[in-house]
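The values are calculated or read from the model by the stated rules, or taken from the named source; none is laboratory data. Every value quoted in this text rests on a predicted model; they were computed, and no experiment measured them. No Cβ is skipped: glycine too gets one built from the backbone with ideal geometry, and neighbour counts run over all protein chains shown. The accessibility values were calculated without ligands, DNA or RNA, using every heavy atom of the protein model including side chains. Shrake-Rupley method; radii C 1.70, N 1.55, O 1.52, S 1.80 Å.
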Amino acid sequence: MINLLWSGLLTVLLLSGCGWSGTPTRGPEGIIPLSSIAIVPVSSTIAAGTSTTLTAIGYYAGVPSDITKLVTWSSGNTAAAAFNYTTAPNTNRVTGVAAGSAVITATVGGVSGTYPLTVSTATVTGMTITPANPSLASGLTQQFAVSGTFSNSTTQDLTFDATWGPTPGTYATVSNDPASKGLATALKAGVETITATFGGATPATTQLTVTSPILQSIAVTPANSSVAGFSKTVNFTATGTYSDGTTADVTNTATWASSNTSFATIVSTSGVATTVAAGTTSISATLGSITGKTNLTVTAPVLKTDGLQISPANSTMSLSSGTTQQFTLTATYTDNSTQTVTSISSWSITPASTIATVNTATGLVTATATGIVTIQASYLGQTVSTNLTITP
Amino acid sequence: MKRISPILLTLCLSLLFCSQAKAQHYGPYVGAFFGGNLLMPAKSTDDLGNFKLSFNPGLQGSGVAGWDFAPDNPVGQGRIELEYTRRSSPLDKVTFTGGSFKGAGNLTADSLLLNFFGVLRDKSPWSQYAGVGFGAARMTASDIKVTGQSLASGSSVVFAYQLGAGVDYAVTDYLNLDLGYRFFGSTSPKFTEVDGSKLEMDYYSHNVVLGMRVGF
């Protein structure tokens, strides 16, 4: 009882004894008064027709916290700069309408912060898409960005402001949705030209090479199966799921393994497992860098009633022709399968005497005198016996 | 603390001069314990998310009334007792996403537990014990603050439990000194923030206690 209590005490201490070590998910807003707000732009000057995002940093007793999602944005001069988007994630995106300046204000809980944003007359002179000429497996996505060079020698991210193509193409499609601008999805193997268009500049292009779908995961079936008995076989199947959502049988191309071959072995090329002893092993199928696993539980077989047979039964041996006799034990299970269990049974001899002895592990009887003895063998809770008559 | 030190010193010195225990006490007893507790950093949750409350070590006091089982009791050697404890935990700091802020105020736990202790005894006056306790606790947030601003207040009655272990010295047949450790926890108490929203927090504490039990 004391040991049980100690174990429980240690378990609880391990689980909760050190307290919470997680990362907070909320700021101090609503609890500590907000003293000031600072606005941090990606670009302090933007060209007319382009946009940029702003970040609002709130200071609570001197400690900064990102409150971008909490503030309300406004422009003091909507003829120069305006907030055109009311839904996330673009509520903090300000667009340059025309050359000029505007005081941007972020407000929450009666506290405001301001920032003077300048909108220039610069025009775009060139654009570059990154990453350049990537490869992508069918079904996967790639986020593209486009950077513009302007007539005043500045550069600006135009990913949101550019128009992307193709939508859709033969091999890939690129999103123009405000929530996912420039996100390409590979459709099928081939080469697609990705374009970004803005202003009067020559559209930027890059080549996206879409390759065949790649293996993403492997499912092994039957999942978490249980088998009663030893030397039984289980045929496992591996099904691969690819990046384009298709599936294929990879049983014969995967490499199979059993984490504990004491409980079950498996043919590495076919997924055929053979049970060995009671226990649980993890069966894995690996193809390339992808592995799928499931557990195989082997339980002890269940003997039939009177399921043990010892041989030879009621035999006679003559000391003149030899002093040893090997006995064997055969088990019959509830599924009518049989197994020789001589070496995994327990052997004994009665009455214990000097007439004969038996190796308790192997069933080998050694006779030393004449007489009659009873040989017993036990396995899985059953015992069977037979007489042995020893003659001169 | 200045008043507690002479008491602890007296209890410890008494061990040097006491004689071998004569016989194991069984029957009713009462006792008193004093000690310290450390409330573990607590995950606190309100409508806007999670943040962490960290506490400084605090003091605690307990009173117990129970029954020592007779040596031939069929359930084994041990005792059963009713324990009232008051634990006080000063708030040290509050950690949000942006950083940590100075905290103030106390979180107080008044608990009433039914304890079951198993005892390992031999002919020595020393014995060791371990056990569990279950009951209820009233958690009170005594105007806990962060940077001078009220964080939460109110009280909450919750299910409470403890796991305990320790050593026991039988000074006489009727007087035992006890040095023990307790892990005390509860279901999450709920308090009220300034704006009326609910604040829910974890409560797990480590406790070390020294006390005496008097049988009669």
Tell me which residues, restricted to region B:41-73, are at pLDDT below 95, within 14 Å of chain A (Cβ to nearest Cβ) and either closer than 27 Å to B:Tyr169 by Cβ or touching a His at 6+ places or on another chain (Cβ under 7 Å) (or both). B:Phe69, B:Asn73
Would you pick out the residues in region A:341-382 that are within 51 Å of the chain's Cα centre (by Cα), in a strand (DSSP E or B) and loosely packed, with under 13 Cβ neighbours inside 10 Å? none
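Of everything in region A:132-171 that's farther than 30 Å from A:Gln216 by Cα and touching a Phe, Trp or Tyr at 6+ places or on another chain (Cβ under 8 Å), which residue is most open to solvent (accessible area, probe 1.4 Å)?
A:Thr163
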Index of the failed condition, B:Val30 passing every other in (1) open to solvent by 50 Å² or more (accessible area, probe 1.4 Å); (2) closer than 25 Å to B:Val158 by Cβ; (3) at pLDDT 95 or above: (2)
Exactly one condition in (1) open to solvent by 60 Å² or more (accessible area, probe 1.4 Å); (2) over 28 Å from A:Ala377 (Cα atoms); (3) of a type in the set (S, T, N, Q); (4) in contact with a strand residue (DSSP E or B) (Cβ under 6 Å, 6 or more places away or on another chain) is not met by A:Ser289; state its number. (4)
Restricted to region B:74-102 and to residues being assigned to a strand (DSSP E or B), within 11 Å of chain A (Cβ to nearest Cβ) and closer than 25 Å to A:Gly19 by Cβ, the residue most open to solvent (accessible area, probe 1.4 Å) is B:Lys102
By residue number, the members of region B:107-126 that are closer than 17 Å to B:Asp68 by Cβ, away from chain A (no Cβ under 11 Å), assigned to a strand (DSSP E or B) and open to solvent by 20 Å² or more (accessible area, probe 1.4 Å) are B:Leu114, B:Trp126
With respect to the numbered conditions (1) touching a Phe, Trp or Tyr at 6+ places or on another chain (Cβ under 7 Å); (2) buried (at least 20 other Cβ atoms within 10 Å of the Cβ); (3) closer than 20 Å to B:Arg121 by Cβ, which one is the sole condition not fulfilled by B:Gly180? (1)
Flag if B:Gly148 is within 13 Å of chain A (Cβ to nearest Cβ), over 23 Å from B:Gly180 (Cβ atoms) and over 18 Å from the mean Cα position of the chain (by Cα): yes
Considering only residues of region A:45-69 that are open to solvent by 60 Å² or more (accessible area, probe 1.4 Å) and in a loop (DSSP other than H, G, I, E, B), which is farthest from the other protein chains (Cβ to nearest Cβ)? A:Lys69
